Structures are given as structure tokens and as C-alpha cells.
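**Student:** There's a structure below that I have some questions on.
The values are calculated or read from the model by the stated rules, or taken from the named source; none is laboratory data. Bear in mind the structure is a predicted one, so any value in this text is a computation, not a measurement. We place every Cβ from the backbone using ideal geometry, glycine too, and count neighbours over all the protein chains shown.
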Amino acid sequence: MKNRKEWLIITSLVMAIVMVLSVGMPLSVAANARDDYEEAQQELESIEKELNAIKDTKKKQEQEQKNAQTQVNLVKSQITSLNEQIEETSERLAEKQKELDKKKADIKETDDLFKKKLKAMYIRRSGNMVATALAVDTFSEMLTAVNTLTNISQADTALLEKLNREKEEIEKVEAEIEAELETLEESKSLQESKQKEYATLLQKVNQQLSETQAQEAAAQVAYEDAKKKRDDAAEELEKEFAANGDLESFVGGTWRWPVPTNRYVSSHYGYRNIFGYREFHTGIDIPAPRNTNIIASNSGFVTTATYSNSGYGNRVIIDHGGGYKTLYAHCNSLNVKVGDFVAQGDVIAFVGTTGLSTGNHLHFEIRQNGSTVNPYPYIKDN
Ligand SMILES: [Zn+2]
């Protein structure tokens, strides 16, 4: 029993080690240039996706920031306008109050005068109101005095009533202005609370945006890094192709015109004058609108599919075997990867004007054993 148990433990351990090795080893050992390239390309694409997502987020946040800023500015200008209205209304209110004070003073003055007159005309005598004016000699004089008293009283009463009516009118207007002012103050406090809200929002958006910008910067670095790794891997793969990847015999068949929709050649193979310089043109130029399909002139392996600083821009090179290669330059974008086998007629890239180019066109070359040849005779009929 004991031996059997030990044997089981040892067997399990061995199996575990074998499993760890079989999972862990192939990654580092079995990798070749092709796998490295595929891996680097996938990594680059995944980082590019990530970077683009971050850029989209940034764009949205920039729009949010713009909106929040617009709101803050709007509320600010509304508050400024409300302040002006409040100031103007307060001035009107102050004027009304001045008017009211004056009216009150007028009333008091008239009232005082009236009372003074009455005081002058009446005296209290043993509890009875008797007009001094009644201290007259004759009955007719008395009548005149009574009339005079009545007239004075009526006129003053009417004046007082008129003044009081005017006072009430002013008070009514004053109350209206006060209500107006109150409404304005309410609007202002509403706008002020909105201002606080938008300022908080803006602050939040700014914070988010700066975080996104930091993410973008980090992703950009990762992208450049992954791109360099991919380019290095592509170079290694190209070297491998150059060393032993060449197809031994030509794939055969006739060559196809590389831009099926555009046949015009703006610059032929051979010597040409450019800005007064005699220059050897190593291919033919076929102008076409941006993103027009470029097809493989013949079947073969893609040995190059990257951007070149040499002037070709984005370019594809296909090895057709038998020492034949074709080159497609200045592409806007590429549709194949190094190591792809492409059939004649497959769309491999799209017309552009990358690299040393002054307009959208395909620069097309055929190379035989490393030297360019005039491609026109090969493709002109197909
Ligand atoms: Zn050219």
C-alpha cells in the first residue's frame, strides 16, 4: 500500500511538471519570425483599438467640456443681465419711495395746516365746540362765518382725499415694483444655483478629460512601442524571406494591370526631368482617386507591407518566384500583411499619396533579380 501511494505521488508530480513544460515551452522555443510578426501585429492592432477607444472618449469629453463651458458662460451672462435689471428696478423703487415720502409729507403738511386752521377757528368752551368766528355781532355775520368755515373744511377735506388717493396709487406702483424685484431676485438665485451646478459639472468633466489625456499619452507610448516591435518583426520576416523564402520558380501566367479602374499612365519608366533634374523613374505612375483598389498583378507571397521612409510611403512588395517581384507604392492604406499569400487580382492596398508624392497615384514597379524593368509591356494588354 505504502509503495503504491508513493508511486502515485511521484507519477502525479512528473505529470504536473510535464504539463507545465508543455504549456510554457512552445511560446519561447517554437517561435519563429512569422509567429513573432503575427504576434506583434496582433498586439499592435489591439493597442491601436484601445488607443482609438480612448480618443473617442476624449472627443466625447471635449464636447461635454465645451457644452458645460457654454452653460457656465450662459448662466454667467444671465446673472449679469439680472444684476443690471435688479439695479435698474431698485433705482425705480427708490424713486417711487422718494415720491411716496414726498406725498406723505404733503399730506402731513396739509393735515397740519388744516388742523391749525381748525384750531384757530375753534376754541373749547365749557365742553362745546364754538367757532371763534362765531364771536360775531350780527346774525348775518354769523351766517357768513359758518359758510366760510364749511367752505374751508370742504376744500381741505377734498385736498386731503386727493392726496391720499395719490398716495395709494404710488403705494400700488411701489408694491408692483417690489414684486418685480422679488421675481428678479428669485431668478437670480435660481441662476446662481445653476451656476454652481454647472461649475461642478465643468470641474468634473475637466478632471475626467485630464485623466483620459493621461491614458491617451500612455496608450500612445505603448502604441509606438508596439509599432516598433511590429516593424522590427516585419524586417526580420523580410530578411527570412530574402534568405530562404523566395519562391523558386515563377508563378507564371500573364501580369494584370494593378489599378483595374484606371488605365492612364502619367509618368512612364525611364529617365525623366523633374524640376530640372534628370531622374530615373523606376516604375510607372497610374493616377487614381484616393482609396481606389490596387490588386496583385500576379500571385505570390507578400514580403513587405509597411511604411517606408525612403519615399515610397506605404508600400507592398510581392514575390512572384523566379526572381520576379512587384512593388506598389504611395498607398493610402494596406490590405495585406507580410507572409500573406495573395492570388492574382486580390485587393492588396488602396491608392493614396503617402511618402514622396504630390497626388493620389500608384507607383508600380516590376523587379527582376533585384533590378527594375519597364513594367508597361508586361501589363499593357491585361
Ligand atoms: Zn513613380
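**Student:** Can you confirm whether Ser210 is assigned to a helix (DSSP H, G or I) and closer than 17 Å to Gln71 by Cβ?
**Tutor:** Answer is no for this residue.
**Student:** Within the stretch 247-301, which residues are among the hydroxyl-bearing types (Ser, Thr, Tyr), within 46 Å of the chain's Cα centre (by Cα) and within 22 Å of Gly339 (Cβ to Cβ)?
**Tutor:** Passing the criteria: Ser297, Ser299.
**Student:** Turning to a different aspect of this structure: Just one of Thr354, Thr306 is under 28 Å from Leu44 (Cβ atoms), buried (at least 16 other Cβ atoms within 10 Å of the Cβ), away from the ligand (no atom under 14 Å from the Cβ) and of a type in the set (Val, Ile, Thr); which is it?
**Tutor:** It is Thr306.
**Student:** Please go through the stretch 158-181 and pick out each residue that is touching a residue at least 40 places away in the same chain (Cβ under 8 Å) and loosely packed, with under 12 Cβ neighbours inside 10 Å.
**Tutor:** none
**Student:** Within the set of pairs 6 or more residues apart or between chains, which connect a residue that is within 18 Å of Asp231 (Cα to Cα) inside the stretch 44-63 to a residue that is in a helix (DSSP H, G or I) with Cβ atoms less than 6 Å apart?
**Tutor:** Partner pairs satisfying both residue conditions: Leu44/Ala226; Leu44/Lys227; Leu44/Arg230; Ile47/Ala222; Ile47/Tyr223; Ile47/Ala226.
**Student:** If I go through the stretch 253-301 residue by residue, how many of them are within 14 Å of the ligand (Cβ to nearest atom) and assigned to a loop (DSSP other than H, G, I, E, B)?
**Tutor:** Here the count works out to 10.
**Student:** Looking at the stretch 212-242 only, could you name the residues that are modelled with pLDDT under 85 and over 30 Å from His361 (Cα atoms)?
**Tutor:** Glu240, the sole residue that qualifies.
**Student:** Okay, next question. Could you list, in sequence order, the residues of the stretch 243-285 that are at pLDDT below 85, in contact with a strand residue (DSSP E or B) (Cβ under 9 Å, 6 or more places away or on another chain) and either hydroxyl-bearing (Ser, Thr, Tyr) or at positive phi (or both)?
**Tutor:** Ser249, Gly252
**Student:** Then there's this: Go through the stretch 358-370 and give me each residue that's surrounded by fewer than 17 Cβ atoms within 10 Å (Cβ to Cβ) and either β-branched (Val, Ile, Thr) or modelled with pLDDT under 95 (or both).
**Tutor:** Thr358, Gln368, Asn369, Gly370, listed by residue number.
**Student:** Here's a check for you: in the stretch 310-325, which residue that is small (Gly, Ala, Ser) and within 16 Å of the ligand (Cβ to nearest atom) is nearest to the chain's Cα centre (by Cα)?
**Tutor:** Restricting to residues being small (Gly, Ala, Ser) and within 16 Å of the ligand (Cβ to nearest atom), the top hit is Gly313.
**Student:** From Ala33, Ala68, Ala40, Ala53, grab the single residue that is of a type in the set (Gly, Ala, Ser) and exposed (fewer than 15 other Cβ atoms within 10 Å of the Cβ).
**Tutor:** Among Ala33, Ala68, Ala40, Ala53, only Ala53 is of a type in the set (Gly, Ala, Ser) and exposed (fewer than 15 other Cβ atoms within 10 Å of the Cβ).
**Student:** In the stretch 326-351, how many are at pLDDT below 95 and within 16 Å of the ligand (Cβ to nearest atom)?
**Tutor:** 0
**Student:** Mind listing whichever residues of the stretch 286-323 are modelled with pLDDT under 95 and of a type in the set (D, E, K, R)?
**Tutor:** If the condition is that a residue be modelled with pLDDT under 95 and of a type in the set (D, E, K, R), then Asp319 is the only one that fits.
**Student:** Sticking with this one: For residues in the stretch 357-382 being charged (D, E, K, R) and within 18 Å of Asn262 (Cα to Cα), which is nearest to the ligand (Cβ to nearest atom)?
**Tutor:** Among those residues, the one meeting the criterion is Glu365.
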